[in-house]
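Data first, discussion second: the structure below is written as structure tokens.
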């Protein structure tokens, strides 16, 4: 078993997303540790991109702030190594194709592996294009996490069959960001996924409240929360670790209830 | 030409969020089934003729030719199309296709506003809802086109993120498409984005080179020696080049917006200053920093102010079939003014980049050479901005 699949064995998993370098890398480090201590089972480290086309306004703004602060891929790799020495929580990079492509796929995957990173999510690389990144990811043992959406249709089965690490189930249409309600009926999609893989599934996009987490947790093996955490970081700045810790604790409790 | 589906050499592809994949595949299937459907082709051809005013003239610019004393210069007058640019060729094709697919709503990005105006026009004509995303900076410098779009019944959404220009408008249109797929078609304005857009938009624009070919044969009894067009995403250039790609005697030259020069940070000359990358659905050349962050590009021309280039242009560059040359703001403005005075034709500032290179190249070529410069659009929209550039403030 890998660190990543182990994360889903202790009941419904809570996956926390943070944008690295917002407001600075030291705060990011403390936020990640606070999330892990308060029940986050996996932490997604967002490497900011200038033009994040799958993100809503909250994470877009965080990306812009982080880049304006001078954060780079290099410095985020260093942060990941540092975190790996301080916490056993699985760390997954989430960024855009060009960040990895420009750094060099091989070099990125090898450095990620050396830093102890457990997976990579690239939201603008669908199943049909994964060959650009998958060989290097495989070479260095860093699973390339696949996304599957309510619109995936017949492709969902193929995506699930070849998935690695865990499956990132997109809850509904649209970009990332908090939603008042998630109306999509995910049961048919979940059924297709379950028929085609034994890997754990985590639902993300739009989840922010304990009620939503509990509801989504009933369908899947875990939930992913991004914008709500990034918004807390925006609101509390350097004091965000305590606020994020409290939030993660409440969400995890709702999942386990 | 295309060994792998949707690829041009190593460029192209479909690098988009999973949520959009199904929509893009449906579009691809619909396009493949309609593009050779005689009824669809007939309907589109009639629209292009009766509504858009095709064919556009291939005009012999005799005064300009005499003044430069070199190659014979012909202007392909896409500026005379309905809505004032080549954009209508692609938009009528896509809007008709969207309608056949049962879509009731068109969304689009726009830089200079030409594609937005064309999309708003097609939507009005076909009774569809229309929303156009436009960078706030562009909306300010192309205020006339914003008003035209509103007049045509479209909603114009100013985009304030990033550099508030064309790339941000594309990102926002893509985000909107992921929010609303069922009834909405994203009418992309250039030969860029995920497959099938680069191929489909090229096909709809290829009417330009089909006509140039016929018109040059009629006027000169032979094919042109040089074809010049400006390149942002590259749709008017791809349309102007397409039917000459297999004719090695025809030199194909794309004119990129160099802004303040290719050695300055304020440039948008992607092929000249960018490197390979993956962005906005495609692998191609992009202006970017060492960590792959997309560069905040600059050009006086809102329509060429884009950090990438269509994947087929990247491929034509790689194999050496087309040349891509940088043209600065200063050169483009001088060409804008010169063509107005010498030929009585006010070109769009985008098209003026191609005219500017023609001014440089024509005198170096023998008089028996035939050069075609595509005037992608007309310049009424640019008059206020050019006046400002010259230090004169006028009311639009």
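Bear in mind that the values in this text are calculations on the coordinates, not laboratory data. Keep in mind the model is a prediction, meaning the values are calculated, not measured. Virtual Cβ from ideal backbone geometry, glycine too; neighbours counted across all protein chains shown.
Averaging 1/r over every pair of different alpha carbons in the protein assembly as shown and inverting the result gives a Kirkwood radius of 25.6 Å.
When only alpha carbons are used to place a centre, segment B:41-111 and segment A:96-135 end up 41 Å from one another. Measuring r between the beta carbons of residue B:319 and residue A:187 and using R0 = 45 Å, the FRET efficiency lands at 0.35. By the count of other C-beta atoms within 10 Å, a proxy for reagent exposure, B:150, B:72, B:99, B:167 are ordered fewest to most as B:150, B:99, B:72, B:167. For chain B, the relative contact order comes to 20 percent (Cα pairs under 8 Å, sequence separation of at least 6). Based on C-alpha pairs under 8 angstrom that are at least 6 apart in sequence, chain A has a relative contact order of 25 percent.
Once both labels are positioned 7 Å from their Cα atoms along Cα-to-Cβ, the gap between residue A:37 and residue B:50 label points is 7.5 nm.
The distance from the alpha carbon centre of segment A:35-82 to that of segment B:150-169 is 27 Å, rounded to a whole number. Working from label points 7 Å from Cα in the Cα-to-Cβ sense, the residue A:2 to residue A:219 distance is 2.5 nm. Each part reduced to its alpha carbon centroid, segment B:175-243 and segment A:216-257 end up 47 Å apart. The order of B:149, B:371, going from fewest to most other C-beta atoms within 10 Å of their C-beta, is B:371, B:149. Secondary structure note: in chain B, about 30% of the DSSP beta bridges are antiparallel. Bridges between two residues of the protein assembly as shown, per DSSP, are antiparallel at a rate of about 20%.
Report the calculated FRET efficiency for residue B:143 and residue B:247 (r = Cβ-Cβ distance, R0 = 60 Å), to the nearest 0.05. It comes out at approximately 0.90. With Cα atoms as the point set, segment A:3-256 shows a radius of gyration and Dmax of 16.4, 46 Å.
Each of residue B:334 and residue A:180 was given a label point 7 Å from its Cα along the Cα-to-Cβ line. The distance between the two points is 5.9 nm.
Does a label point 7 Å from the Cα of residue B:214, set along Cα-to-beta-carbon, have any residues of segment B:64-93 with amide nitrogen under 15 Å, and which are they? The answer is B:77, whose backbone nitrogens lie closer than 15 Å to the label point.
Among B:187, B:287, the order by Cβ neighbours within 10 angstrom, fewest to most, reads B:287, B:187. Largest GNM mean-square fluctuation across B:248, B:311, B:265, computed for chain B with C-alpha springs under 10 Å, falls on B:248.
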